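Each remark here refers to the structure printed beneath this line.
The values are calculated or read from the model by the stated rules, or taken from the named source; none is laboratory data. If you're wondering where the values come from, they're calculated on a predicted model, not measured in any experiment. Note: ideal-geometry Cβ built from the backbone for every residue, glycine included; neighbour counts use all protein chains shown. Ligands, DNA and RNA are stripped out before the accessible areas are found, and what is left, the full protein with its side chains, is counted by its heavy atoms. Shrake-Rupley method; radii C 1.70, N 1.55, O 1.52, S 1.80 Å.
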Amino acid sequence: VQLQASGGGLVQPGGSLRLSCAVSGGTFSSYNMAWFRRAPGKEREFVAAIKRNGGYTAYMDSVKGRFTISRDNAKTSVFLQMNSLKPEDTAVYYCAATSTIWMYARNQEHYALWGHGTLVTVSS
């Protein structure tokens, strides 16, 4: 199974970006999907997750109302729409997949499949 993240780049504060993660191999519809990020000098942290059927989502508090996670099972892809970006959102963003239950959606140790990451820089 391979996860390929894309869509990162340089954006000004208040701007928007849409990250995509294409998943090949495996059974995409069986995975809960998530985005994590690692800011410079910090540990990797949970950003957002979406359940297998797309019926449930979860977000870290600091991105609620600004970020939206979605998925397209037909296209085996997950997306992260990021609006009203702030400098503190600067990080490498990783998509990840897990077959474990939704209760562990925020726990990165339960994600066995990871993409290589895409860099998001928010700066004027």
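Surface calculation, 1.4 Å probe, protein heavy atoms: Arg71 sits at approximately 40 Å² accessible.
Reducing the range 50-73 and the range 14-49 to their Cα centroids gives an inter-centroid distance of 10 Å. In a reduced charge model with +1 at each Lys and Arg Cβ and -1 at each Asp and Glu Cβ, the chain shows a dipole moment near 180 debye about its Cα centre. Among Lys51, Lys42, Lys64, the order of accessible area from largest down is Lys42, Lys64, Lys51, computed with a 1.4 Å probe on protein heavy atoms. The count of lysine pairs in the chain that are at least 8 places apart or cross chains, and whose C-alpha atoms lie under 23 Å apart, stands at 5. With contacts taken as Cα pairs under 8 Å at a separation of at least 6 residues, the range 1-119 carries a relative contact order of 35 percent.
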